[in-house]
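Inspection log for the structure reproduced underneath, given as structure tokens.
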Amino acid sequence: MDHLKGNAVAEWVKRYHAASRATMDTCLRPYGLGSTQWYVLWKLANNGPTVQRDFLDLLQVEKATLSQVIGALVQKGFVEQTPASEDQRQRMLTITPAGHRLWKELPDPIELILKHSFDGVGEADMATVVRVLQGATKRLTYRLTQGSK
């Protein structure tokens, strides 16, 4: 089981993800938001009204989890949930004026994470990190969609 040693790529990817998520949650906690709620607000603030089901793939969460996240944002008054015009069974999400005001005052947790985690890392090294992780992600995604042939 050499792949479980502390210097394995998978171990460091997992640790980076956990540290990033903790940093993001710490940054957003004073605003009463979690990272998944932030991503919903980001999408709505930058792309406008969005059908709720579109968030399942974007956030990689289960329906029940998404319902809780959206429900909390609706309850806080940051998001409005209405029937979609093309299919009344679907829910359209829209950021509210209160959500826009909150969005404008929120710090950007992604910018904070990148600043602190990659400060001093050169462009060539960053390009290598991106290239390697993109390739690994594409191969794993292909394997998932094509089965484990």
For the pair H100/A22, report the inter-label distance in nm, with labels modelled 7 Å from Cα in the Cβ direction.
3.8 nm
Net charge (Lys, Arg +1; Asp, Glu -1) of residues whose beta-carbon lies under 15 Å from that of E80, E80 excluded, is +4
As a footprinting exposure proxy, order E111, E123 by other Cβ within 10 Å, with the fewest listed first.
E123, E111
For the chain, longest principal axis from Cα atoms; helix 123-146 axis from its Cα atoms; angle between them, nearest 10 degrees, is 70 degrees
Inter-site label distance for R139 and D57 at 7 Å from Cα along Cβ, in nm
2.4 nm
Counting other beta carbons within 10 Å of each residue's own, what order do W38, W103 fall into, fewest first?
W103, W38
Taking Cα atoms only, helix 35-47 is inclined relative to the longest principal axis of the chain by an angle, in degrees rounded to 10, of 70 degrees
Size-normalised alpha-carbon gyration radius of the chain, reference 2.2 N^0.38 Å
1.24
Rounded tilt (10° steps) of 9-28 against the dominant C-alpha axis of the chain:
30 degrees
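Read-outs throughout are calculated quantities, based only on the coordinates presented, and are distinct from any laboratory measurement. As the structure is a prediction and not an experimental result, all values here were calculated from the model. Backbone-built Cβ (ideal geometry, glycine too); neighbour counts: all protein chains shown.
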